[in-house]
Amino acid sequence: MAERGPYTAHLDTLIALITHLSLTANESRTAPWIAEDLALDLGEVRATFGAFPGIFRRSQRRSRENDEYFYTVHARYALRRKGAVDEEPLPEMRPEIMKALLDLVSQRAAAEAEERRFALELAHTSRNARIAALAACAAAVLAAVAAVIAAVVG
């Protein structure tokens, strides 16, 4: 059986993380805090961050509280201004950017599922073709044996 791809395997967590990190008032978050706040499995959150470095940016700095890296969505990080004052609100991620990210992961998961379905169908078709070839060989052998018997008897 074909394995699930990364988008299919992590789809629910991807959607939760993209949505949360796009809309949170926090500049960035650590995996344990996100997992706790969203009631997600910490290992799954870490695995998703690790599997999608093109979507999630890992900070160079770590939290003083738990020595964990901070994460954010690359698209939101790009909206930050250098030298911004701490009291200045973070720019909101435009809805069309978040929608594009969510559409991307949904479409990739659908493509992976279709690829998996195709691979299973191909394996099934290949198995059926092998069975048909063996049956044809058996029929040919039986026909040859029948011809030999008919020649000997006749």
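Could you list, in sequence order, all residues of the stretch 1-17 that are crowded, with 21+ Cβ neighbours inside 10 Å and modelled with pLDDT under 95?
H10
Scan the stretch 70-87 and report the pairs whose first residue is of a type in the set (G, A, S) and whose second residue is modelled with pLDDT of 85 or more, with Cβ atoms within less than 6 Å and a gap of 6+ or a chain change.
A75/I97
Taking G54 as the residue in question, decide whether it is on the phi > 0 side of the Ramachandran plot, at pLDDT below 95 and of a type outside the set (A, V, I, L, M).
Judged against the criteria, G54 is not a match.
Does R46 fit the bill of being part of a helix (DSSP H, G or I), touching a residue at least 60 places away in the same chain (Cβ under 8 Å) and not β-branched (V, I, T)?
So R46 does not fit the description; no.
Listed residues R58, R46, R64; which is basic (K, R) and within 17 Å of the chain's Cα centre (by Cα)?
Testing whether each residue is basic (K, R) and within 17 Å of the chain's Cα centre (by Cα) leaves just R46.
When you go through (1) surrounded by fewer than 17 Cβ atoms within 10 Å (Cβ to Cβ); (2) touching a Lys or Arg at 6+ places or on another chain (Cβ under 9 Å) one by one for V73, which number turns out not to apply?
Here V73 clears every test but (1).
Would you confirm whether or not the stretch 92-104 contains a residue that is more than 21 Å from T13 (Cβ to Cβ), modelled with pLDDT of 90 or more and exposed (fewer than 14 other Cβ atoms within 10 Å of the Cβ)?
yes
State yes or no: is L90 in contact (Cβ under 8 Å) with a residue 40 or more places away in the chain, outside any loop (DSSP other than H, G, I, E, B) and either under 23 Å from A31 (Cα atoms) or under 32 Å from the mean Cα position of the chain (by Cα) (or both)?
no
The values are calculated or read from the model by the stated rules, or taken from the named source; none is laboratory data. This one's a predicted model, so the numbers in the text were calculated from it and none came from an experiment. Cβ coordinates were reconstructed from backbone atoms using ideal geometry, including for glycine residues, and neighbour counts include every protein chain displayed.
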